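No lab work stands behind these numbers, since they all come straight from the coordinates. Treat the numbers as computed from the prediction; the structure is a model and nothing was measured. Please note: Cβ atoms are built from the backbone with ideal geometry, for glycine as well, and neighbour counts cover all protein chains shown.
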Amino acid sequence: MEDTTDQAGNTRYQDFLDDSWVRSLFRPLLISLLSASVVAGPLAGLRALTSWRLGYVLPLALLVAVEGVYSTLQRGRPQWRDRRGLMLRLAELVTILLILRLAIWTFSTGLPGTDQVALWLVHPEAILDAQFLAVGVLLILAWGLAIGITADFLELAIQPDEFAAYETHSWDESRSHQRASRAKSRLETVAQFTWRWGWGGGLLVACAALSRTSFALEGSSGLKFAITGANLPPDIVVALLCYFISGLILLSEGRLAVLRGRWYNQGISVMPGVLKRWHLSSVLIILLVALVAALLPLGRTGPLATALEYVLGLMVRVGQVVMAFVFFLFTALLWPLRFLFRSSDQQQPAQALPRFEMPPPQQAVTHLPPWLGGAIYWTLILAVLAYLLLSYLNAHGLLAGLRGGRWLRLRFWWSARWARVSASARKATEGLRKRLRLRRPSPLAPGGPPIHVGSLPPAAKIRYFYLSTLQRAAQRGLARPPYKTPLEFGQDLTGQWPDAEVDFKELTEAFLAARYDRRTIPADRARAVQRVWRRALRSLRRNTGDKGEDQARD
Amino acid sequence: MNDMTLLFVILLVIAILLRLDFVFYLVYVGVGTYALARWWTARNLPHLNVRRIYTDHAFLGQTVPVSIEIENASWWPIPWLRIDETLSSNLSTGSPLRQVLSLRPREKTSLHYEIVGRQRGFYDLGPALLTTGDLFGFAEAQGRVARPDHLTVYPRVIPLAKVDLKSRSPYGTVKSQERIFADPARVSGKRDYQPGDPLHDIDWKSSAHGARLQVKKYDPAVSLTTVIFLDLNKPEYGTQLSYQASEWGIEIAASLANYLITQRQSVGLASNGSDPLTGAQQWVIPARGGRVHLMKLLEWLARVQLADTSPFSEWLPRAAMDLAWGTTVIVIHPSGDDATCRTLHGLVRAGLNPILIVTEPQYQFGVLRERARRLGFPAHLMTDERDLKRWKVTR
């Protein structure tokens, strides 16, 4: 465990790091081997399907896995807390893809010529060829697996909260593994790794093996079922062997982590020999078993394999018979239906529709050079790539010194530009929003959104009737001043249109009740007010002759 | 592990179907590792020899170092072995021994810890729980050390200077106030001859030297052959003070036995308490002298426990039936009730010399003492150490 005491002798729990677990080189090496070996199965498939030269993939996968393991280990350190963002991962990914592109050019396709560069300038997507995409997916798979397994094994280390719980005696002396709660127990983490490793290995083997096999029936009776397969290439075999052996050793490491955590939290002292001998013992045992297994007769020539072949053949035959019987039953069930469709069978075949030739698309006429779009695209891509690459190198401390100072200045310059652009954009957005808010029309304004009076509640209907009456009166030259109450303005209306005195009065009272009375207004009352409102509008219209609009509104 | 088994089966099927030697090899390695781990784990514990090395008797407050010697008798290493030692809280000095270690083939190692006897008793050491497993998590095995180990912590012995014990047995080694028990081996001086003095008491050398007949003067002495009867029948103790009073009675018995053995007297011990080692509910150890006998008495006193056994007044006459005439019978009883007093009176009439010691506080002990005096035996109230130390010869 790392010394986490400050100068005053106080324990700094947040800086705790399970050093003996994290600093080991053995485990990262195993994880890298395991992760790189994952690509072996799909690689065998790619070799079977394509004629690409893929000898560089396994070493490159190992390199990528080592990078993933290393960066994950670094990010697990307390002093790397500020470098755990997604940007760094993106930078790593871009670096990996750049290296892949270079590797493909170097080891497989050769360096691109000027014609190809010109093609990429016009069609940037052409750089993403099939080999780049396929191998890129494999490398990302290996890289992601390395990160995931390393993160899992980092989780298996003694965590700062466990250290704090162990060192703090305020929770009484009873040291229980439950004192420091974990979202996922170490046992679950190891079980998850085992499950992934086991079933991943099964798929890997099946994938690699199926890429080299072809189906065949054997025996004169046809009872013996087998698939003939050619042997796998040596590098694939070595990779698969690395996958399983390193997985077994990592399983042993996981077991050690589970026990170690349990012993630590229960306050059990562990003799140093236990941890020292663990790695060596597990390696020796696996090597011993591997050696003994190499001396055993291989299964395909043994009686068990022969018997199993016969059993499988029998099962296949039984399956065929069952399928034939089911097909017969199905056919027998459908047999009567053929009489239903006999007439349709005798119909004349439909006349072929006349074919219309599609006119050729008109060529867009442009005066810009064809390479301009590609050039802009590549400029942006290169800028982003350069930024991510510099971020990656800086995060790993590879830009220290003079170059580091320049990089830092560049970052500050870019941060200042970006902050200025962001502020300008924010200001423009605010201004636009303010202008839009000012221009928002009133619902009763002429250009406002239409109101469906029938869907309004009774109180809102009445308010609408009154306000629309005021609006109409304003159009007729009598607008309500803001200082006048509805009752006062009702007198003005009565003075202007004395015939509608009763209607204006009733409408005003209904409005006051709808606006200020808390009692619920029934729908019948709204309908009655609506009749009054129509009469009031009619009275207002008499002088204007605007009849068509009122009818339309009614 | 069901997943692993299923995986191996699927790999085997793939290997057979595809006829790939390499996949067969993988299956062999996987199954071999799994089988080896299980077989290995299962044989670890039977090949372990575990024993404790310690002194199995200790005095109160003494620290006893304990070593657990673990030997791997197998030719296979043990990758990890966890030992959880369990101890009584009366012995523990802190957190119990919990250790994880690994053993090479034929390796022997020792673990050390210390215990302190804080309370007299007969304690089990362990059982030590052993847990081992393989390196891959395929198997785990648990066991415990089969052989039981015990530690006897002697009761506290309070040193006594001089205790007022009387005896009717003549010719002992303890100086007596009774002149009738003059001991010819204890010459205290000389005096002039008087008619009637036995001739064998004349000191001829002194007579010749002084030209007058001189007779030897002897100190009186008695034999204090003593048997301590300790009542540990639980119903006869008070509910609240039963533990304290019984433990105090045991300490009195141990202190008196130590005193009497130091005085070169024979001491026996009898009790109706339970002995967890032998299972005896009523037992009598005949009176003998010597340090070895004292250690035997202390060991029984260390083990004896308060238990529901037969009533003291019924058991005492039977237990005292074989005692010689004049034997001092020290009865340690919580209350000295009527039945006990009647029984002690019977012992007086049988020629024995009973002494009653009451260990629980009594409000009217004066009445009891007077009654005992009338019945012919002394009674003493000893509820703590001061009472015991005050029990001296006053004359």
Relative counts (whole %) of C-alpha pair distances in chain B, using bins that are 10 Å wide: 4, 17, 20, 15, 12, 11, 8, 5, 4, 2, 1, 1, 0, 0
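Apply the a/c threshold of 1.5 to the C-alpha gyration tensor of region B:16-155 and tell me whether it is rounded, prolate or oblate.
In terms of gyration-tensor shape, prolate.
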Shielding by partners - mean other protein chain Cβ count within 10 Å, residues of B:6-17: 6
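Add +1 for every Lys or Arg and -1 for every Asp or Glu among the other residues with Cβ under 14 Å from the Cβ of A:ARG27, and state the total.
-2
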Rounded to whole Hz, the Karplus (6.51, -1.76, 1.60) HN-Hα couplings of region A:491-507, x for glycine and proline: 5, 4, 4, 4, x, 7, 10, x, 5, 9, 4, 4, 5, 4, 5, 5, 5
For B:TYR218, distant residues with modelled amide H under 5 Å away: B:SER188
Three-way shape call for region B:223-390 based on the alpha-carbon gyration tensor, with the a/c threshold at 1.5: rounded
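What's the average, rounded to a whole number, of partner chain beta-carbon atoms within 10 Å of each residue's beta-carbon in A:242-250? Before the final figure, lay out each step's value.
On the way: counts 0, 1, 7, 3, 0, 1, 6, 2, 0.
Taking the mean over all residues of the peptide, I get 2.
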Residues whose placed amide H lies under 5 Å from that of B:ASP164, excluding near-sequence neighbours: B:LYS392, B:VAL393
Computed [θ] at 222 nm, helices only, for chain B once each DSSP H run of length n ≥ 4 contributes -39500 (n - 2.57): -9500 deg cm²/dmol
Sorted by Cβ neighbour density within 10 Å, fewest at the top, the residues B:HIS150, B:HIS380, B:HIS112: B:HIS112, B:HIS150, B:HIS380
Peptides ranked, highest mean first, by Cβ atoms within 10 Å: ranges A:472-479, B:207-214, B:189-196, B:84-91: B:84-91, A:472-479, B:207-214, B:189-196
Residues whose placed amide H lies under 5 Å from that of B:VAL145, excluding near-sequence neighbours: B:ALA128, B:LEU130
Ordering of A:21-30, A:37-46 by packing [mean C-beta count within 10 Å, highest first]: A:37-46, A:21-30
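Under 1.5 on a/c is rounded, so check that first for region A:453-553, then, if it is not, pick prolate when a/b is larger than b/c and oblate when it is not; a ≥ b ≥ c are the square roots of the alpha carbon gyration tensor eigenvalues.
Oblate, because a/c is 1.5 or more while a/b does not exceed b/c.
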Karplus 3J(HN,Hα) series, Hz, for region A:244-251 with 6.51 cos²θ - 1.76 cosθ + 1.60 (x for Gly, Pro): 6, 5, 5, x, 5, 5, 5, 4
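Order these peptides, B:74-80, A:95-101, by their mean beta-carbon neighbour count within 10 angstrom, highest first.
Result, highest mean first: B:74-80, A:95-101.
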Per-residue Cβ neighbour rank within 10 angstrom, fewest leading, B:TRP248, A:TRP199: A:TRP199, B:TRP248
Footprinting exposure proxy for B:LEU356, B:LEU381 (fewest neighbouring C-beta atoms within 10 Å first): B:LEU381, B:LEU356
Nearest-ten-degree value, helix B:242-262 long axis tilted from longest Cα axis of chain B: 60
Neighbouring partner chain Cβ atoms per residue of B:71-83, average, 10 Å criterion: 3
Entries of A:LYS276/B:LYS108; B:LYS296/B:LYS389; A:LYS184/B:LYS108; B:LYS162/B:LYS217; B:LYS217/B:LYS389 with Cα pairs more than 27 Å apart: A:LYS184/B:LYS108; B:LYS217/B:LYS389
Net charge, A:LYS427 excluded, C-beta distance under 15 Å - Lys, Arg +1, Asp, Glu -1: +4
Cut-off 15 Å between beta-carbons: net charge of the residues surrounding B:ASP134, Lys and Arg +1, Asp and Glu -1: +3
